[in-house]
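Visitor: My questions will all concern the structure given below.
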Amino acid sequence: MKFYEAVLKPEDSLLKKIICYISLIWILLFLIYSFFDEALKLVDTINGVSMGEIYFLKQKGSAFGFLCFIPLLLIVTYMFAHGLINRRPDKKIVGLIVKTVLFCTCIGVPTGIISNIAVANYYENKGFINCHSYSWGRSLDFYVYDERFCIKQGAVVSFKVKKWLLQQNGKGEPNLEAFYKELSLYLSEYY
């Protein structure tokens, strides 16, 4: 199949076209749900931090920027629907689509960057420290309320350490001795 060939051809059955369109709708709904879910988790985390219930957290504040891209997902669905019935949209509609894509991109990217910076500043103002030992690569930023919980040796078992630390939220102030005990257990399993 060449890169410019159509996925659905005029001779394809209506059932195949409908199945493709329903699949696209499910993917679209899943992405929209994911975008809203991440934004709501971020709001819940911010509320938990302000109430003093959260001691460890992992997140990026760019979740709000993703919400700006929801119209783009709707546009993809609209364009795919036109492809299913083998019609091209009017030039006015194509122009409107291009303007909407540019607008969403120009709003979504800066919104994601600005909200990420604002949320990171909020966490730091509340006394949290970004633990780079547990936040390497493309993973989410990981914040701790006390830098004694951020151990460089824990980087090799950061997945387990982060999981254990996140489980301590809502159980009162975490115990440093219990943390060191868990960390040494994870390190002994690793080595």
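The values are calculated or read from the model by the stated rules, or taken from the named source; none is laboratory data. These numbers come from a predicted model, not from an experiment. Ideal geometry is used to build each Cβ from the backbone, glycine not excepted, and the neighbour counts take in all protein chains shown. Please note that ligands, DNA and RNA were not included when accessible areas were found on the heavy atoms of the full protein model with its side chains. Shrake-Rupley method; radii C 1.70, N 1.55, O 1.52, S 1.80 Å.
Visitor: With +1 on each Lys and Arg Cβ and -1 on each Asp and Glu Cβ, how big is the dipole of the chain about its Cα centre, in debye rounded to the nearest 20? Walk me through the intermediate numbers first.
Guide: Values: 21 positive and 16 negative charges, 166 e Å.
I would put it at about 800 debye.
Visitor: Next question, about the same structure. Can you give the accessible area of Lys41 in Å² (nearest 10), computed on protein heavy atoms with a 1.4 Å probe?
Guide: In the full protein context, Lys41 sits at about 100 Å².
Visitor: Rolling a 1.4 Å sphere over the protein heavy atoms, what is the accessible area per residue of the range 57-176, to the nearest Å²? Intermediate results must be reported in sequence, preceding the final value.
Guide: Working: 7300 Å² over 120 residues.
Accessible surface, normalised per residue, equals 61 Å².
Visitor: Turning to a different aspect of this structure: Packing-wise, with mean Cβ within 10 Å as the measure, how do 59-70, 108-119 rank, highest first?
Guide: With the highest mean Cβ count within 10 Å placed first, the list reads 59-70, 108-119.
Visitor: At a 1.4 Å probe, what is the % contribution of carbon and sulfur to the accessible area of the range 8-63? Could you put the intermediate results ahead of the total?
Guide: On the way: 2440 of 3480 Å².
Whole-percent figure for carbon plus sulfur exposure: 70.
Visitor: Modelled label-to-label distance, Asp37 and Ser133, 7 Å Cα→beta-carbon offset: nm?
Guide: 3.1
Visitor: Now for a different question. Pull the list of the chain cysteines that no other Cys approaches to under 4.7 Å, Cβ to Cβ.
Guide: Cys20, Cys68, Cys104, Cys106
Visitor: Most fluctuating residue of Leu96, Leu15, Leu73 in a GNM of the chain with Cα springs under 10 Å: which is it?
Guide: Highest fluctuation of the listed residues: Leu15.
Visitor: Toward the positive end of the charge dipole of the range 46-125, about the Cα centre and with charges on Cβ (Lys, Arg +1; Asp, Glu -1), which of Tyr123, Cys68, Gly112 goes farthest?
Guide: Selected residue: Cys68.
Visitor: Please compute the Cα-Cα pair-distance distribution of the chain with 5 Å bins starting at 0, giving whole percents from short to long.
Guide: P(r) for the chain, in whole percents per bin: 1, 7, 12, 13, 13, 11, 9, 8, 7, 7, 6, 4, 1, 0.
Visitor: FRET efficiency for Ile70 and Arg148, Cβ-Cβ distance as r, R0 = 41 Å, nearest 0.05?
Guide: Values: r = 41 Å, r/R0 = 1.00.
Efficiency, rounded to the nearest 0.05: 0.50.
Visitor: When the chain is treated as a GNM, springs tying every alpha-carbon pair under 10 Å, which of Tyr123, Tyr21, Tyr134 comes out with the largest mean-square fluctuation?
Guide: The residue that fluctuates most here is Tyr21.
Visitor: Still on this structure: Express the carbon and sulfur contribution to the solvent-accessible surface of the range 101-177 as a percent, rounded to the nearest whole number, probe 1.4 angstrom. Walk me through the numbers before you get to the answer.
Guide: Numbers: 2770 of 4640 Å².
Heavy-atom surface of the range 101-177 belonging to carbon and sulfur, 1.4 Å probe: 60 percent.
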